[in-house]
Every structure is written in C-alpha cells, then in structure tokens.
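Worksheet: the structure to be examined is printed underneath.
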10 protein chains.
Amino acid sequence: MLFAVRMTVNLPPDMDTDVRAATLAAEQEYAQRLQRSGEWLHLWRCAGQYANLSIFDVTDNDRLNDILWGLPLFPHMDITVTPLARHPSDIRVTKIAS
Amino acid sequence: MLFAVRMTVNLPPDMDTDVRAATLAAEQEYAQRLQRSGEWLHLWRCAGQYANLSIFDVTDNDRLNDILWGLPLFPHMDITVTPLARHPSDIRVTKIAS
Amino acid sequence: MLFAVRMTVNLPPDMDTDVRAATLAAEQEYAQRLQRSGEWLHLWRCAGQYANLSIFDVTDNDRLNDILWGLPLFPHMDITVTPLARHPSDIRVTKIAS
Amino acid sequence: MLFAVRMTVNLPPDMDTDVRAATLAAEQEYAQRLQRSGEWLHLWRCAGQYANLSIFDVTDNDRLNDILWGLPLFPHMDITVTPLARHPSDIRVTKIAS
Amino acid sequence: MLFAVRMTVNLPPDMDTDVRAATLAAEQEYAQRLQRSGEWLHLWRCAGQYANLSIFDVTDNDRLNDILWGLPLFPHMDITVTPLARHPSDIRVTKIAS
Amino acid sequence: MLFAVRMTVNLPPDMDTDVRAATLAAEQEYAQRLQRSGEWLHLWRCAGQYANLSIFDVTDNDRLNDILWGLPLFPHMDITVTPLARHPSDIRVTKIAS
Amino acid sequence: MLFAVRMTVNLPPDMDTDVRAATLAAEQEYAQRLQRSGEWLHLWRCAGQYANLSIFDVTDNDRLNDILWGLPLFPHMDITVTPLARHPSDIRVTKIAS
Amino acid sequence: MLFAVRMTVNLPPDMDTDVRAATLAAEQEYAQRLQRSGEWLHLWRCAGQYANLSIFDVTDNDRLNDILWGLPLFPHMDITVTPLARHPSDIRVTKIAS
Amino acid sequence: MLFAVRMTVNLPPDMDTDVRAATLAAEQEYAQRLQRSGEWLHLWRCAGQYANLSIFDVTDNDRLNDILWGLPLFPHMDITVTPLARHPSDIRVTKIAS
Amino acid sequence: MLFAVRMTVNLPPDMDTDVRAATLAAEQEYAQRLQRSGEWLHLWRCAGQYANLSIFDVTDNDRLNDILWGLPLFPHMDITVTPLARHPSDIRVTKIAS
C-alpha cells in the first residue's frame, strides 16, 4: 500500500555539531536500510528546500507510523501524509480516466 | 529531470454530461500516451479526493508546461509543481543523509 | 485499518430539488449499508456545519478510495483523509504515552 | 456529549530528558485513567505525526476544558476542538441522510 | 452551556429578490424567537461585514446543531463554532487567573 | 461601544516559575478590576485552549488599546480584535433580519 | 475615531452592463459625499488590484457599520476592518516609541 | 508616491531590558524625524496589537526599502508593503468610482 | 522602478468562445506593446499553471496601476504586487551581502 | 532553464555578531560569483523585507538544488521555488497571449 510523505526538516540553529552529524548519519543509514528492504520506494529532494518527498510501500498505517517515528530526524520534522490509491488512468489499471 | 505535480480537479456541477464524458476519455488517452512514452513516470490517486500526485520525467520546464497545458482537464484543475532533485540518501546517490 | 475522514458538503444553491432529495436519500442508504457492513465505523455531525467526521475501518487505501468516490454527494464534497495508527497510550496498546 | 479533539505536540528540542520522561509517563497514566472512566472514548495516533485524534464523551464544555487543561503535555500542545452531534444517517439515528 | 458561533453570509448575487426578502424575514423571526427563549443569548454584527458573532446557551451539542441547521440562511452560511467554558478570572468564578 | 477580542496565550516553556505566578496573579487582578468597572463585559475560556474570547464595552479604540496593552500577559499574547455593531435582528433593535 | 478598512471587489463576470455602470456611479457618488462630509478620510487604490485601503473617521462602530453596509458595491465586497488608535510615536502624541 | 506598510513587532521575551529600552527610544526618535521630514505621513496603532499601519510618501521603492531597513526594530518585525495609487473616487481625482 | 507582479488567470468555464479568443488576442497585443515600450521588462509562464510572473519597470505606482487595470484579462485575474529595490549583493550595486 | 526563487531570511536575534558578519560576507561573495557566472540572473530586494526575489538560469533541478543548499544563509532561509517556462506573449516567443 502506497503513501506519499513530505518531510520538512527544521534543525535548531544552535544544535550541537557532533549531535547533528551523528543524527544525519543515523538518518542516512536508516533511510538506506528501508530503501533496500523495499518499504521506502522513492526518496526525492524538493529542490532548494530542506524537505523531501518520499513514497512508502507498507503493509498498513501502523507500519508507516512506526517507520516515520523511527526516523532519527523525526523530532525536527514537519510531516504530511497522503494515502495513495490506484489511479484509473494508470496504464497498469486502464480504467476510465481520473 | 523530475517534477512532482499535484492536480486537483474541480468539474462544474452543471457540466454537460457528453462534454464531461468526452473530456475524461481524452484525459485518459492523453495520460496513458505520456505514460507509455515514459514522461509521465507515476500517476497515483490521492485516496478519497478528486486529485492525483504525479511524477514527470521531462527534459525541462517548458516541456513540463506544454504537457500540463495540454491536459484536457487543465481548465478545471488547480496544479502545484515541485521540482525534484537527487536526495543524498537515495541509495542510488549514497551521500550524507538529508 | 482506520482512517479519519472529514467531509464538508457544498450543494449548489440552485440544485434541482428532486435531484437533491434523491441524492440525499441515496447518500443515506449508501452510508447505512456501509455502517451495517462495519466499514463505516463512526459517523458524527460536526455541530452547526454541513460537515461530518467519520472513521472508516477498511482493508487498504484503494478500498477507502472506492468507498469515498462512491458517495452520491462526492462531487459536492471537500474531503480530507487522515490515516490513523495505534496510539501507545490506548489502553488496548499500553505502551509509553504519546 | 461528544467532542473530537486533535492534539499536536511540540516538545522543545532542549527539554530535560528526565522531565520529558516523567511528563510522558504522567501523560500516559492520565490518558489511561480517563479511558477507563469512559470519558476518553477513542485515542488514535495520526500516522506519522506527533499528533492524536481523540473522541471525548463528557457532560459539558467545562468538563472537557478541565480534562484538556489537566493534560501533563498541555503546555506543549496545539489543540483544536470540534463539538460533535448525532448525524441523521447514523444507523442509530436513522433520519433523512445528512 | 455556552458556544460562540460566527456566521458569515454569502448570498448568491442572482438570488430571486422575493425569495431573498422572504428568507431574511424568516431569519429574523427565527432569531428573535430563540432570543426570547433565551437560547440565543447575544447577537452582534461584525462591523462592516455580512457576518455576526453570536453566543448560544443550550443544553448540548445536538441542540446547538439543530438550531443552526434550522436557520433559514444556513445554506448560505460559513459557520465556525467555539465551545466556551468558565474562565478562572471571570469574577463569577474567581479562581487563579487565565 | 462593543469589541470582541480573542486572546491566545503562548508562555515560553522556560519562563521563571515565580515570574509566571506573579504575572498570572497580576493578570487576574487586572481582569477582575475591569470586569467590576464594567468595561470587560464578558470573559469566556475557549474550551481546551489557552485562549479566551472577551467582550469589551469601551468609549473608543484608544481606550480598548490602552486596556489590552496594559494586560500583564500582553507580551505573550496573539490578539485579534473585531469591532461589533448592533445587529438588526437583535430583539433590542428589531430591524429587518441580518 | 479611526478605522482602516480594506475593500476587495469581486464583480460577477456576467453582471448586466447597465446595472454595473449604475452601481459604479452610485458608488462614486456615495464615496465622494462621505469624503466631503469628512467621515471618509482617505481612499487609496491598492495598486494593480480591484481593492482599496480607506481610513474612516466616525463616531463609533455602528456608524462605520452603517456606512459600509450602505456601499452600493457592498454585496460584491470582501471587507476587513482594523480599529486604529493613537501611536505613541505619532509626533502629535510624542510618547515613548511603539 | 504612497505605500501602506503594516509592521508587526515580535520582541524576544528574554531581550535585555536596557537594550530594549534603547532600541525603543531610537525607534521613536527615528520615526519622529521621518514624520517631521514628511516621508512618514501617517502612523497609527492597530488597536490591541503590537503592530502599526503606516503610510509613507517617498520618491521610490529604494527609498522605502532604506527607510524600513533603517528601523531600529527592523530585525524584530514582520512587514507587509502595499503600493498605493490614486483612486478614481478620491475627490481629488473625481473619476469613475472604484 | 521595478515591481514583481504575479497574475493568476481564472477564466469562467462557460465564457463565450469568441469573447474568449478576442480577449486573449487583445491581451497578447497589449502585453507585447508594453514589452516593446520597455515597461514590461520580463514575462515568464509559471510552469504548469495559468499564471505568469512579470517584472515591470515603471515611473511610479500610479503608472503600474493603470497598466494592470488596462489588461484585457484584468477582470479574471488574481494579482499580487511586490515592489522591488536594489539588492546590496547585486553585482551592479556591490554593497554588503543581503 | 529559468527558476524564480523567493528567499526570506530569519536570522536568530542572538546570533554571534562575528559569525553573522562572516556569514553575510560569504553570502555576498557566493551570490556575486554566481551572478558573474551567469547562473544567478537577477537578484532583487523585496522592498522593506529581509527577503529577495531571484531568477536563476541553470541546467537542471539538481544544479538549482546544489546552488541553494550552498548558500551560507541557507539554514536561516524559507525558500519557495517556481519553475518558469516561455510565455506565449513574450515578444521573443510571439504566440497567443497568456
């Protein structure tokens, strides 16, 4: 099941530099593990902003919630979640247009 | 080059039913042609809304503009466009996390 | 899987009264069928507004999408969808508080 | 009488960890006491966000106010309150559709 | 129990003048009946706008909902509802300041 | 002359507790003095929020301004001001409905 | 007593041209009468928009309300009203800066 | 050339009191110098808010920019700027109403 | 003097096709005349939207107002205007960075 | 390919003055280097605000992203990005008006 998630990061300007570096490294490792497992399907940078648009493929809402709460950067994020469904014009679906 | 485009459709309630059916059919044909050509990479329904989230892979802004202005439903759409860039945590990019 | 859905209805002031009555009757029949099937778990009126807050229990996003697109009043609705997950303080879950 | 309450939590990033842990524990205990008493009817996590959607069943506005002001996390919350009423399509109400 | 309700009226510019006059007269009669019954406690014009701020004293949410849905102008209104509670600095309450 | 004023209080989480207690006590004393003088006509808590809805009866804008700037909590408040006028359906006014 | 009022005009595109011309002429006559009487102190065009910023000098809220409801264009206007007070740095007031 | 400028001041709660007093005094002196020079035409307090509405009469955009950037309180201000033009109903202009 | 102007066009869906074509042709002729005169400095399409971002170089606010009110599409436009000034980092200005 | 970028700067009031001066100098040097290279096409001050409107001419989204993330002030900026396309009324394009 697919979800579009937009994450906007607001790191405190006075964040300890070591803590910052460790958190970013943990975030990358976490994100790449989930990409390799296939749950984090797409991860794009919103050009020019400290934000990303991601597509998740997960079993259900609870799994999505656990993944996002597990993000090392979660406490510094504004997150919006859009559940996605098959679109009738998706060539894999070929039903009457949207 | 990738763009995330969210299209929200507002059809006039008193739209002529034949015009409506023809426009929707033209919209589907248009969308599926561009999916087959590879420019319309993803087309997802925002669950429960007359809106979709699409990802386009196009040469430049002008091409994106031409595609969106060419949508049969364009006059009835609110559209937001987010240019996407490679994310440093994208396993195909493997740079320091976002 | 649970979703909170807020539906705000905007009927055109000049809607044909017969069409209006038939649509409202179809809407009630549709809503009550889904309540009896258990998918439409809760249906509350937002006091003083032509809007409702509903909780759906469905298999996945696509099913939710089909249900909402099937609403007779769908063309006259503004809909927001919030996917819900188990809360750690839910006495059925008993984990560390929110 | 039912109220839908959405609570978004914004904990200061530099909150003392002991104070934070004690506050979260107190929050859980408080929430579970009210769930057992029946006033806190539903408590759902808004998937992927530090927010919950709750349904309260209370005698009146003043009781709701006292409950929410009593939340240990109250000083760190943005709260919206929607009073709910019986919906005519609620199968327990069976009046003309919404 | 008190509620603050703000009603903004948007009458269609092309509304039939007789229908308009009849609706406004019915609205006044309805509002004055409820003022005399004591449920419609205060009715103020928001200066310079086709909007009013009203305070209702009703038994519960359902009664408030019935009153507002019964307004002849209801189909042409945007309504926001704020449940009110006793304020600790209200001299009739004399508790620790807000 | 009447004004509706909504005050939302945002106290800094790390405010000195003594300063906080003194400010709140001063706020209560100030509010109750103005209620007894008749200028602060109504003071209601917006249920579940650190906000109040107040109605002031003052000679003019300058007097309202002086009162609000004199609030001990003023530096921690977001304030909106709505000037009120007689409503034609107010039974004390009995003119053509709103 | 001063009020800042911003008026944004939205004339229906299909408004009868004679009605439109008559309304605009009545609006000008009305505005100029009030300017000559001194109540409509300033009337500026918000450059590039069908909107104006006006300053009114009136006895009280009710008078302002009557003036604005009397505008021939009132049914086609979005209006915001800001009550103004003396500013401490106004050289006619010469008190401690804002 | 006229501009309407709304300035909302957000002073940090923990601002050093001496710095605060000096900044406010400098702000008053600055504002009064420009009022005497005629460039700062009007300065009104938005009643009940730490904000003002000002009208500037300046040669061009660059001069306005220099004036506003020169405000001692500038770093603590949210500023919106509305360029003003002659209104056709301004009795000094006497053209077709707005 | 420079202004950034964003124009969003909302043509009524049921606009007469001849009127529409004539208006668009007049709009193009008007825009190109002003580009040739040098007042309409830049005219860019906001990709994927019926909107443009334009830069005007005009003598003053009144001239800008006359130009925008003269647009054949003006009655169908939402317009925002941002007065521009020299930026200290503009290599033609070479002052301390923004 | 052109992008319009609006950058709003929010420097922390308690930012170390040396760090601030160094960052601003680095920002200017960075901006002027990119203007000389031709990628930063226009840089205008939004009059009266700590914000600028810039036009970039870059190869693609990724290049834009790298440029903006490279801004020394990036951590203190709110940025919006609007991809631009050729406008049919641009005299260099001479197609049917917008």
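The values are calculated or read from the model by the stated rules, or taken from the named source; none is laboratory data. None of the values given here were measured: they were computed from a predicted structure. So basically every Cβ, Gly included, is an ideal-geometry build from the backbone, and we count neighbours across all protein chains shown.
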Quiz item: Out of (1) closer than 22 Å to B:N61 by Cα; (2) touching a Phe, Trp or Tyr at 6+ places or on another chain (Cβ under 6 Å); (3) more than 9 Å from chain J (Cβ to nearest Cβ), what's the single condition that is false for I:L53?
Solution: (3)
Quiz item: Within region B:61-98, which residues are surrounded by fewer than 17 Cβ atoms within 10 Å (Cβ to Cβ) and within 23 Å of J:G70 (Cβ to Cβ)?
Solution: B:R92, B:V93, B:T94, B:K95, B:I96
Quiz item: Can you pull out the residues in region B:65-74 that are away from chain J (no Cβ under 14 Å) and out of contact with any strand residue (DSSP E or B) (no Cβ under 8 Å at 6 or more places or on another chain)?
Solution: B:P72
Practice problem: Note down all Cβ pairs under 7 Å where the first residue falls in region C:42-64 and is among the basic types (K, R), the second is buried (at least 22 other Cβ atoms within 10 Å of the Cβ), and they're at least six residues apart or on different chains. | Solution: C:R45/C:N52; C:R45/D:L84; C:R45/D:A85; C:R45/D:H87; C:R45/E:N65
Quiz item: Can D:W40 be described as within 17 Å of C:L53 (Cβ to Cβ) and more than 7 Å from every other protein chain (Cβ to nearest Cβ)?
Solution: yes
Quiz item: I:A4: part of a strand (DSSP E or B) and of a type outside the set (D, E), yes or no?
Solution: yes
Exercise. With the condition kept exactly as written, say whether any residue in region G:2-24 is at the interface with chain H (Cβ under 9 Å from one of its Cβ atoms), touching a residue at least 40 places away in the same chain (Cβ under 8 Å) and among the charged types (D, E, K, R).
Key: yes
Self-check item: E:Q35 vs. criteria over 12 Å from the mean Cα position of the chain (by Cα) and within 8 Å of another protein chain (Cβ to nearest Cβ)
Solution: no
Quiz item: Pairs, please: C-beta under 7 Å, at least 6 apart or cross-chain, first residue more than 7 Å from chain J (Cβ to nearest Cβ) and at pLDDT below 95 and in region I:79-98, second surrounded by fewer than 22 Cβ atoms within 10 Å (Cβ to Cβ) and in a strand (DSSP E or B)?
Solution: I:V93/I:R86
Quiz item: Among the residues of region C:56-80, how many are in contact with a helix residue (DSSP H, G or I) (Cβ under 7 Å, 6 or more places away or on another chain) and under 18 Å from D:I55 (Cα atoms)?
Solution: 1
Quiz item: Would you say I:L11 is within 22 Å of B:N65 (Cα to Cα) and not in a strand (DSSP E or B)?
Solution: yes
Exercise. Would you tally the residues in region I:14-32 being within 12 Å of the chain's Cα centre (by Cα) and over 23 Å from B:D66 (Cβ atoms)?
Key: 1
Quiz item: Condition test on J:D62, is it more than 11 Å from the chain's Cα centre (by Cα) and within 14 Å of chain B (Cβ to nearest Cβ)?
Solution: yes
